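Following: one structure in structure tokens, then a few remarks.
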Amino acid sequence: METGRSSESPEVPKKGKSKTPRKPKDSILKQKSPAEFFADNKNIAGFDNPGKCLYTTVRELVENALDSAESISELPVVEITIEEIGRSKFNSMIGLADHERRDEALYDDFETAKAREKRLAKEARVLEIQAKNAALGKKVKDPAATKAAKGREASYYRVTCKDNGRGMPHDDIPNMFGRVLSGTKYGLKQTRGKFGLGAKMALIWSKMSTGLPIEITSSMNSQNYTSFCRLDIDIHKNVPHIHIHEKRENKERWHGAEIQIVIEGNWTTYRSKILHYMRQMAVITPYAQFLFQFVSDSPEKNVTIRFTRRTDIMPSVPLETKYHPSAVDILLIKRLITETSKQTLLQFLQHEFVNIGKSHAERLIGEMGPDFSPKMSVKSLTPQQIVRIHQLFRQAKFDDPSGDILSPAGEYNLRLGIIKELHPDMVATFSGSAQVFEGHPFIVEAGVSVGGKDVKQGLNVFRFANRIPLLFEQGADVVTRTAMKRINWNSYKINQTQDKIGVFVSIVSTKIPFKGTGKEYIGDDISEIASAVKTAIQQCCNQLKSKIVKRIHAREQQERKRNLSKYIPSATAAIYDLLKQTTIVHASKKRRFRDDNADLLKQVSVNSLTKDTFREKLAQHVEKVDYEMGLEYATQTGVNEEPREDIYIESLDEDKKNLIDLQSPIFVFRLYH
């Protein structure tokens with residue numbers, strides 16, 4: 001047998017099962033465009049899932065609209081509409097005919113007869129257990145929602161945002177929407193945006209989920225026409241693909257922008273987040289007017305909310321600034337050298353950085369070493385010399401940058417926003433002075449409210465960064481941790497678990513130190529910011545403590561009045577009986593009383609002073625004491641505690657010709673005429 005095997009020809013290996021390693025192909029160097037990178041990593045920009053994509057799209061459009069209006073000092077009017085689009089309507093929009101299922105078993109949501117029987121049996125057992133518990137008087141839990149099928153039906157929405165802002169130059173519109181990392185927000189200044197992507201990321205998501213283009217209508221103040229542009233983006237080349245770009249007649253002389261985009265989303269799961277965002281945006285921007293609408297084919301799902309303007313006082317426009325020496329790195333210094341128009345090193349230091357005057361620049365150059373001179377060409381600096389400049393910047397002492405370039409919401413606006421949206425029983429606000437971290441100025445503003453409408457018991461934390469709400473990853477945020485762990489609420493007469501407490505903290509800076517890929521929270525590791533947040537909240541609590549103590553004192557006075565009033569009948573009877581007995585003694589001459597006492601007894605004996613008279617006199621005395629205490633309390637807490645505020649008078653619209661609202665931080669007076 002063995003001999004026979006040796007005479008056989010070698011077995012030929014089967015094709016595809018050879019263990020011989022293949023020769024690797026030569027690797028080809030590839031690169032991605034910025035648009036392609038963000039399309040592959042859309043979660044970085046907040047586009048994690050369809051629901052979050054819908055929320056982020058709304059947020060980006062609203063914030064762009066506010067920036068546009070504020071840039072021309074126009075009181076913002078923003079209209080945001082989310083229209084639900086059914087599958088049939090969406091298919092007709094893209095020119096696709098409806099298709100009925102032929103093979104049900106092919107789909108993820110298909111349920112076999114056995115699986116259906118098993119599910120129904122399980123539901124029957126649950127209902128039986130609930131019936132038994134109900135019969136025994138036990139608490140019955142709500143039936144759990146039916147587990148969603150593995151497959152999901154895509155939901156589509158048309159998001160439209162219209163504003164009364166600056167508008168956009170006709171020729172710039174394609175690049176402003178169709179080219180990633182190109183825009184007007186890349187200078188060093190306070191901005192609302194997190195990545196500078198704006199509506200571009202929404203367009204990328206639209207391209208990925210629906211394939212439909214974005215539509216932009218825009219007009220500037222000086223234009224007698226409107227620009228209309230329909231475009232999408234070439235993700236691989238990072239360039240706009242223009243469908244229509246034309247000028248149209250502007251009969252209404254409107255200025256601003258209207259953006260319309262169709263995306264896949266999920267309104268059901270992110271409804272509360274979107275509405276919370278709009279409500280918090282109304283808190284931090286009470287000078288803006290928002291109209292939010294959700295439109296569906298089912299009327300019961302429709303939502304319309306108008307957030308009215310409460311004040312016409314707008315924050316100042318944030319100013320672009322130069323870099324502080326302690327905030328730059330080597331790459332940034334090289335970039336500034338490339339872009340500068342200055343010739344010498346002395347001029348470069350003076351004009352490209354803040355807080356470096358001529359004499360200071362000369363001292364810095366002298367400290368750099370013999371290889372440096374004030375008149376040397378800045379373009380001739382070697383990499384080693386640039387590193388030396390960077391080292392000196394990190395070690396030298398510089399004046400802190402000014403906070404004048406920042407644009408906080410303002411204590412007045414923050415207070416009005418809280419009162420307008422939450423209607424609290426008490427509110428206190430505080431605005432801190434500008435401070436610095438890593439060469440960047442920042443300002444912390446805070447508000448603390450007690451009580452209110454639609455406020456849960458315990459701590460309710462509202463966070464804002466550069467005047468935009470932060471709704472996600474709250475637990476790791478510096479504001480949440482400070483409010484939860486570093487404030488002793490009991491020392492301010494506030495019950496952390498029982499009272500309805502609203503904690504509002506707004507941080508503005510040229511650089512917000514966000515953490516995480518989504519930039520949804522501010523880290524707790526920067527001591528300057530953590531300390532400023534704690535101080536701001538404590539200042540608000542001190543104000544509230546004064547009000548609470550006075551309110552407790554007033555409540556005690558009212559309780560004292562009730563107690564005194566409760567004992568008036570008994571005290572009256574006792575006093576009158578004593579006087580009656582004394583009158584008898586006085587009449588029997590066993591003991592004689594003189595002057596006022598005798599007159600009093602005489603009035604009792606002839607019934608000119610009765611029990612009712614004494615009751616009335618005691619009641620008057622209690623009222624007098626209560627009035628005097630109340631007057632003293634009002635004097636202490638009135639004008640001194642709550643300064644007078646100007647009344648904001650809203651302009652009359654066409655549909656409001658017969659009424660006008662007079663609004664103050666305390667009341668709204670509606671006048672009909």
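The values are calculated or read from the model by the stated rules, or taken from the named source; none is laboratory data. Values in this document were obtained by computation on a predicted structure and should not be read as measured data. Note that each Cβ is placed from the backbone with ideal geometry, even for glycine, and that neighbours are counted across all protein chains shown. Remember, those area values only see protein heavy atoms, side chains included, never the ligands or the DNA or RNA. Shrake-Rupley method; radii C 1.70, N 1.55, O 1.52, S 1.80 Å.
Against the conditions (1) open to solvent by 100 Å² or more (accessible area, probe 1.4 Å); (2) outside any helix (DSSP H, G or I); (3) at pLDDT 75 or above, where does residue 147 fall short? Just the number, please.
Failing condition for residue 147: (3).
Is it true that residue 38 is part of a loop (DSSP other than H, G, I, E, B) and buried (at least 22 other Cβ atoms within 10 Å of the Cβ)? Spell out how you get there, then give the answer.
Working: part of a loop (DSSP other than H, G, I, E, B): no; buried (at least 22 other Cβ atoms within 10 Å of the Cβ): yes.
Judged against the criteria, residue 38 is not a match.
Scan (1) in a helix (DSSP H, G or I); (2) closer than 30 Å to residue 305 by Cα for the single condition residue 409 breaks and write down its number.
For residue 409, the exception is condition (1).
Please go through region 432-471 and pick out each residue that is buried (at least 18 other Cβ atoms within 10 Å of the Cβ), without any contact (Cβ under 8 Å) to a residue 60 or more places away in the chain, among the small types (Gly, Ala, Ser) and not in a loop (DSSP other than H, G, I, E, B).
449, 465 - these are the residues of region 432-471 that are buried (at least 18 other Cβ atoms within 10 Å of the Cβ), without any contact (Cβ under 8 Å) to a residue 60 or more places away in the chain, among the small types (Gly, Ala, Ser) and not in a loop (DSSP other than H, G, I, E, B).
Six or more apart or on different chains, Cβ under 8 Å: which pairs go from a residue in region 210-233 that's under 25 Å from residue 85 (Cβ atoms) to one that's assigned to a strand (DSSP E or B) and aromatic (Phe, Trp, Tyr)? Could you list them?
Once the first residue is under 25 Å from residue 85 (Cβ atoms) and sits in region 210-233, its partners that are assigned to a strand (DSSP E or B) and aromatic (Phe, Trp, Tyr) give 210/156; 215/228; 216/228; 217/228.
Can residue 490 be described as surrounded by fewer than 21 Cβ atoms within 10 Å (Cβ to Cβ) and assigned to a strand (DSSP E or B)? Give the steps one after another, and end with the answer.
Working: surrounded by fewer than 21 Cβ atoms within 10 Å (Cβ to Cβ): yes; assigned to a strand (DSSP E or B): no.
It is false that residue 490 is surrounded by fewer than 21 Cβ atoms within 10 Å (Cβ to Cβ) and assigned to a strand (DSSP E or B).
Just give me the residues in region 206-229 being modelled with pLDDT of 90 or more and under 16 Å from residue 172 (Cβ atoms), in sequence order.
Matches in region 206-229: 214, 216, 217, 218, 219, 220, 225, 226, 227, 228, 229.
Only residues that are surrounded by fewer than 23 Cβ atoms within 10 Å (Cβ to Cβ) and in contact with a strand residue (DSSP E or B) (Cβ under 8 Å, 6 or more places away or on another chain): list them for region 472-487, please.
Step one: of region 472-487, the residues surrounded by fewer than 23 Cβ atoms within 10 Å (Cβ to Cβ) are 472-476, 480-481, 484-487.
Listed by number, the residues that qualify are 472, 473, 474, 476, 480, 484.
Hey, could you check region 181-205 for residues that are out of contact with any strand residue (DSSP E or B) (no Cβ under 7 Å at 6 or more places or on another chain), assigned to a loop (DSSP other than H, G, I, E, B) and modelled with pLDDT of 80 or more and say which is nearest to residue 315 (Cα to Cα)?
Looking at residues that are out of contact with any strand residue (DSSP E or B) (no Cβ under 7 Å at 6 or more places or on another chain), assigned to a loop (DSSP other than H, G, I, E, B) and modelled with pLDDT of 80 or more, I get 191.
Can you name the residue in region 495-527 that is among the charged types (D, E, K, R) and more than 23 Å from residue 45 (Cβ to Cβ) and, of all such residues, is surrounded by the most Cβ atoms within 10 Å (Cβ to Cβ)?
The qualifying residue surrounded by the most Cβ atoms within 10 Å (Cβ to Cβ) is 500.
Quick grid of which residues meet (1) surrounded by 13 or more Cβ atoms within 10 Å (Cβ to Cβ); (2) assigned to a strand (DSSP E or B); (3) free of Cβ contacts under 8 Å to residues at least 24 places away in the same chain:
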residue	(1), (2), (3)
306	no, yes, yes
326	yes, no, no
331	no, no, yes
341	no, no, yes
348	yes, no, no
356	yes, no, no
361	yes, no, yes
375	no, no, no
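With the structure loaded, tell me whether residue 70 is more than 18 Å from residue 215 (Cβ to Cβ) and surrounded by 14 or more Cβ atoms within 10 Å (Cβ to Cβ) or whether it fails that test. Walk me through it before giving the result.
Details: more than 18 Å from residue 215 (Cβ to Cβ): yes; surrounded by 14 or more Cβ atoms within 10 Å (Cβ to Cβ): yes.
Against the criterion (more than 18 Å from residue 215 (Cβ to Cβ) and surrounded by 14 or more Cβ atoms within 10 Å (Cβ to Cβ)), residue 70 qualifies.
Which residue out of 120, 75, 127 is in contact (Cβ under 8 Å) with a residue 60 or more places away in the chain, open to solvent by 30 Å² or more (accessible area, probe 1.4 Å) and not in a strand (DSSP E or B)? So that I can check it myself, show each step before the final result.
Numbers: 120 fails: in contact (Cβ under 8 Å) with a residue 60 or more places away in the chain; 127 fails: in contact (Cβ under 8 Å) with a residue 60 or more places away in the chain.
Going through 120, 75, 127 in turn, the sole match is 75.
If I go through region 277-296 residue by residue, how many of them are out of contact with any strand residue (DSSP E or B) (no Cβ under 7 Å at 6 or more places or on another chain) and outside any helix (DSSP H, G or I)?
Residues meeting the conditions: 3.
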